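Below is one structure, written out as C-alpha cells, with a few remarks after it.
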C-alpha cells in the first residue's frame, strides 16, 4: 500500500540545527525509511517545502537533496493547502510571529525551543493554539538521547529507591572567534538578538527534570558573561551582552534537589559534553549523551578520607555500564515521528506549546533570580 503524503513547511533549514538535525537526520531520514508507521500499519510520507530568507542557500540545499519545493515567501507557503504542518527552526526572535501566522492559517505547528523570548509570549502561543484548534509541539530532543533513555529505564524500574539529588554539568569552550572560528553563531552572545545560555539551556533542563524526576518548583541561579568580547562570522569584534554561563539550583517535587552548571566558557574534563549524576538511597547513576553507568547500594565502596595518603581506589572502575538493550534512533527523528502520529491519528504528544512555555518560565525565573539575588518560585501554568 502506498504511503499517504503529509506536507510540511520547514522554516529555518539554512541554519545548523534546522538543516542537520531536522531536515537531514529527521525528515529526509524518515523519507528514506518509507515514512512514519501508524498504528494501523499504514505509513505517512513527509513532503518538505523549504522556507528561508536566502534564495541562494535554499536553492543549494534543495538541489543537493533533490527537493523540488522551496520559497522565500512564508505567506505563500502557508497558503498552500497541501502543506498542513508548519515547522520553525529560526532564531528565537522571529519564531513567535511566524508561529502565530501559521496558526492563523490553520496549520499544525512544531517548533524548536525556546518557543518564544518571554513567558508571556510563550503562554500566548499555547493559548492561541488552543483557540485555533491546531495540533502543536515543541522539540524535546534530549529526552531521546541514548544515555538519558537508559537513565529513565533505571528511574522507572525503581533502581534509585528514593531519589535525593541530580547534578548536571553541560558545556565546552566556545572559541572567541579571533584566532579560531567560534563553534556557535555570534547571535548566541547578544542579548538583543535573543542570545544567552540560560534562555537556550534552561528550557532543556526543565523538560529533562520534569519528565525524569519531577516538576521544578523553585530556582536559585547566577548567570555570568565570562567572555565580554567576541568576534563574529565576518571577523568583527563585538560586545557579548548575553550570559555565557549559568549556575543553578532547582527544587523539584518530593524534595529532590538538582544542581546544573551550563557554560560555554569551560574546558571539558568528563567523558561527554553533558553528564547527569543521580543519587538515590538504593543506587546512583551517571548518564551522558550516549553512556550510562550505575552503582547499586550493595556494590558501593566504602572510602575513608585520609589526606595524608594518595588515593589508590579507582572509583570510576567501580561502576557498571547500563546496556543499550535496544536500537536507539536519532532523538530528533523519533520526536518528529511522534508529532506526525499526533497530527495524523491523534496519538499522545505531551510536549506541546504549554510544555514549551514551562521551559521559558524556568529561563525567565533563573534570570530573575540572578538579577535579584534570591530564590524564585514557579507558579502553575495553564493555557
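Bear in mind that the values in this text are calculations on the coordinates, not laboratory data. Treat the numbers as computed from the prediction; the structure is a model and nothing was measured. When we count neighbours, we look across all protein chains shown, and the Cβ atoms used for this are built from the backbone with ideal geometry, even at glycine.
As a check on your grasp of the helix formula, calculate [θ] at 222 nm for the chain: sum -39500 (n - 2.57) over DSSP H runs of n ≥ 4, divide by the residue count, round to the nearest 500.
Numbers: 9 runs with 109 residues, N = 383.
Result for the chain: -9000 deg cm²/dmol, rounded to the nearest 500.
What relative contact order, as a whole-number percentage, does the chain give when Cα pairs under 8 Å and 6 or more residues apart are counted?
Here the relative contact order equals 20 percent.
How far, in degrees from 0 to 90, does helix 119-132 lean away from the longest principal axis of the Cα atoms of the chain, to the nearest 10?
It works out to around 50 degrees.
For 144, 86, what's the fewest-to-most ordering of other Cβ within 10 Å of each Cβ?
Values: 144 18, 86 29.
Least crowded to most crowded, the residues run 144, 86.
Just to check, using Stokes-Einstein with a Kirkwood Rh over alpha carbon pairs, what's the diffusion coefficient of the stretch 36-125 at 4 °C and 1.567 mPa s in µm²/s?
Numbers: Rh = 14.5 Å.
In µm²/s, the coefficient is 89.
Which one, 161, 18, 171, has the greatest fluctuation when you compute a Gaussian network model over the chain with C-alpha springs under 10 angstrom?
Between 161, 18, 171, it is 161 that shows the largest mean-square fluctuation.
Of the beta bridges DSSP finds with both residues in the chain, what % are antiparallel, to the nearest 5?
60
For a test of the definition: using alpha carbon positions, the gyration tensor, and the 1.5 limit on a/c, classify the chain as rounded, prolate or oblate. If you can, show how the numbers build up before the last one.
Numbers: a/c = 1.70, a/b = 1.41, b/c = 1.21.
Prolate, since a/c reaches 1.5 and a/b exceeds b/c.
Antiparallel as a % of all DSSP beta bridges within the stretch 1-144, to the nearest 5?
Values: 2 of 23 bridges.
About 10 percent, rounded to the nearest 5.
If neighbour count is taken as other Cβ atoms inside 10 Å, put 239, 364, 117, 345 in order from fewest to most.
Numbers: 239 10, 364 22, 117 19, 345 13.
Going from least to most buried by this count: 239, 345, 117, 364.
Classify the stretch 1-156 as rounded, prolate or oblate from the Cα gyration tensor: take a ≥ b ≥ c as the square roots of its eigenvalues, call it rounded if a/c is under 1.5, otherwise prolate when a/b beats b/c and oblate if not.
Values: a/c = 1.34, a/b = 1.05, b/c = 1.28.
Because its axes are fairly even, with a/c under 1.5, the stretch 1-156 counts as rounded.
Kindly express, to the nearest 10 degrees and within the range 0 to 90, the angle between helix 55-64's C-alpha long axis and the longest C-alpha principal axis of the chain.
For helix 55-64, the angle is close to 80 degrees.
With angles folded into 0 to 90 degrees, how steeply does helix 331-345 sit against the dominant principal axis of the chain? Use alpha carbons for both and round to 10.
50
For residue 224 and residue 347 in the same chain, what is the full-extension length gain: residue separation times 0.36 nm, less their Cα-Cα distance, in nm?
Working: separation 123, 0.36 × 123 = 44.28 nm, distance 4.15 nm.
Net length gain for the segment: 40.1 nm.
Based on the alpha-carbon gyration tensor of the stretch 261-383 and its eigenvalue square roots a ≥ b ≥ c, which shape applies: rounded if a/c is under 1.5, prolate if not and a/b is larger than b/c, or oblate? Provide the component values of the computation, followed by the final result.
Working: a/c = 2.43, a/b = 1.43, b/c = 1.70.
It is oblate, given that a/c is not under 1.5 and a/b is not larger than b/c.
Residue 313 to residue 272: FRET efficiency via 1/(1 + (r/R0)^6), r the Cβ-Cβ distance, R0 22 Å, to the nearest 0.05? Could the numbers behind the result be given before it?
On the way: r = 23 Å, r/R0 = 1.04.
Efficiency at R0 = 22 Å is approximately 0.45.
Provide the gained length on full extension for the span residue 165 to residue 91, in nm with one decimal, where the gain is 0.36 nm per separating residue minus the Cα-Cα distance. Don't skip to the end; give the middle numbers.
Values: separation 74, 0.36 × 74 = 26.64 nm, distance 3.36 nm.
Net length gain for the segment: 23.3 nm.
Using Cα pairs closer than 8 Å and at least 6 residues apart in sequence, work out the relative contact order for the stretch 225-325, in percent. Kindly include the intermediate steps, with their values, before the conclusion.
On the way: 114 pairs, mean separation 14.7, N = 101.
In percent, rounded to a whole number, it is 15.
Quick one: if the Förster radius is 25 Å, what FRET efficiency do residue 297 and residue 261 give, using the C-beta to C-beta distance and rounding to 0.05?
Working: r = 27 Å, r/R0 = 1.08.
According to the calculation, E is roughly 0.40.
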